[in-house]
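Only one structure is covered here, and it is reproduced in the block below.
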Amino acid sequence: MAGQSSFIVETMQRLAPGTALRQGIERILQMGKGALIVLGSGKDIDQISSGGFRIQRSPFSSARLAELAKMDGGIILDADASVIMAANVHFVPDPEIPTDETGSRHRTAQRIAIQSGRSVVAVSEGRHVATLYIDAQKIELPSPTSVAARVNQELLTLDRLRRQLDEAESMLTQLEVADLVTHRSVVMLIQRAEMIRRVGAAIGRLTVSLGEEGHLAAVQLNDLQRGVEYLVEATLRDYVRPRRARAVNQALSALEDLGENDLVDPTRVARAVGFGDLDDPAEPRGVRILGKIGRLPDAVREEMIVQFPSLQKMLRADAGELEQVDGIGTARANQIRHYFDRLLTSVDDWSPRYF
């Protein structure tokens with residue numbers, strides 16, 4: 001599955017706006033012509049080809065592609081879309097391969113992709129759109145302008161989700177320090193983090209299709225997703241039982257497998273990650289809060305979690321007790337104690353609000 005995903009990304013990068021191949025396709029669309037372009041050659045393609053003419057490894061250019069598209073037959077490029085191999089080719093893939101396309105060019109393109117495993121682009125003369133076929137997948141290649149508009153809209157959505165996630169994390173921290181946390185508050189944070197992951201993945205696919213024009217969007221995307229993956233893992237380590245890495249990994253997998261409708265249902269999310277009733281009290285281990293202490297080595301964090309089996313015990317340990325943890329000296333113990341004091345002071349006059 002990962003290999004297939006990587007292949008799709010590589011193909012989309014070759015078809016990104018600004019690349020020679022995409023410029024050639026745009027020229028074909030501007031001329032009001034159609035085309036069938038196969039990315040890759042070999043015996044498998046030869047067996048379903050007839051007619052046309054071979055080209056002596058002509059270097060690819062968008063102008064050459066557009067000129068060759070004026071003929072009725074298909075065009076064969078090498079897998080990297082750097083060389084034109086043949087033109088005006090008549091393709092005869094297996095007619096028994098099922099297809100949901102109606103136009104003959106698109107039916108042929110889909111069957112070639114399924115039969116050969118090659119990437120195939122069909123440019124529609126009537127609809128003025130290009131479509132990529134990879135195996136059984138069909139990906140429409142919209143105009144760069146429409147993709148950019150959609151990316152900007154999705155980034156606004158992601159920005160809103162990130163603000164909601166930050167609010168949920170702040171609330172969870174207050175509840176944890178006040179010893180008032182329930183699974184409901186934990187699930188709220190997990191839901192929002194998973195939504196960010198899914199929206200971010202969709203934006204990532206779109207930015208790939210924009211090529212160099214998607215660089216700024218990619219930077220914004222990285223900023224909005226920074227720390228989210230760690231946040232989810234640390235939160236699950238805090239609350240998933242039994243306290244084993246395998247249980248956390250199973251919870252992460254179950255979370256990713258949830259359908260869109262299930263993800264917005266707190267009860268189903270809680271069930272997926274192994275929590276009990278949403279309003280049952282929950283006791284964190286302190287993994288997430290310890291992650292906020294700067295320059296604290298991972299090994300020291302793990303030792304603290306072993307030494308203090310609950311966050312409340314950890315928060316109330318004096319500097320001398322903290323110093324007993326391997327890797328914590330006097331200076332670091334005082335630093336940690338000061339941080340814990342600030343957390344405890346922050347909830348002295350705080351009354352929880354549930355949202």
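The values are calculated or read from the model by the stated rules, or taken from the named source; none is laboratory data. Worth saying up front: this structure is predicted, and the values here are computed from it rather than measured. Cβ coordinates were reconstructed from backbone atoms using ideal geometry, including for glycine residues, and neighbour counts include every protein chain displayed. Quick note on the areas: whole protein, heavy atoms, side chains included, nothing else; ligands and nucleic acids left out. Shrake-Rupley method; radii C 1.70, N 1.55, O 1.52, S 1.80 Å.
Descriptive notes on the structure:
- Residue match in region 273-286 (condition: closer than 18 Å to M188 by Cβ and in a helix (DSSP H, G or I)): no
- Residue check: H90 meets all listed conditions (1) at pLDDT below 95; (2) open to solvent by 70 Å² or more (accessible area, probe 1.4 Å) but one, namely (1).
- Strands (runs of 3 or more DSSP E) wholly inside region 98-141 containing at least 2 residues that are in contact with an Asp or Glu (Cβ under 8 Å, 6 or more places away or on another chain) and touching a residue at least 12 places away in the same chain (Cβ under 8 Å): 130-134
- Flag if R337 is over 22 Å from R237 (Cα atoms), in contact (Cβ under 8 Å) with a residue 24 or more places away in the chain and either among the charged types (D, E, K, R) or assigned to a loop (DSSP other than H, G, I, E, B) (or both): no
- Those residues of region 1-13 which are under 17 Å from G204 (Cβ atoms) and either at pLDDT 85 or above or in a helix (DSSP H, G or I) (or both), in sequence order: A2, Q4, S5, S6, F7, I8, V9, E10, T11, M12, Q13
- Qualifying residue in region 178-186 (condition: crowded, with 18+ Cβ neighbours inside 10 Å, more than 30 Å from A16 (Cβ to Cβ) and either at pLDDT below 95 or acidic (D, E) (or both)): no
- Pairs meeting the criteria (first residue in region 45-71 and under 22 Å from Q115 (Cα atoms), second residue in a loop (DSSP other than H, G, I, E, B), beta carbons under 6 Å, at least 6 apart or on different chains) are I48/V92; I48/P93; G52/G73.
- Flag if G200 is out of contact with any Cys (no Cβ under 9 Å at 6 or more places or on another chain), in contact (Cβ under 8 Å) with a residue 12 or more places away in the chain and closer than 20 Å to T157 by Cα: yes
- Unmet criterion (only one of (1) touching a residue at least 60 places away in the same chain (Cβ under 8 Å); (2) open to solvent by 60 Å² or more (accessible area, probe 1.4 Å); (3) assigned to a helix (DSSP H, G or I); (4) not basic (K, R)) for L165: (2)
- Positions within region 146-161 being open to solvent by 50 Å² or more (accessible area, probe 1.4 Å) and in contact (Cβ under 8 Å) with a residue 40 or more places away in the chain, in sequence order: R150, N152, E154, D159
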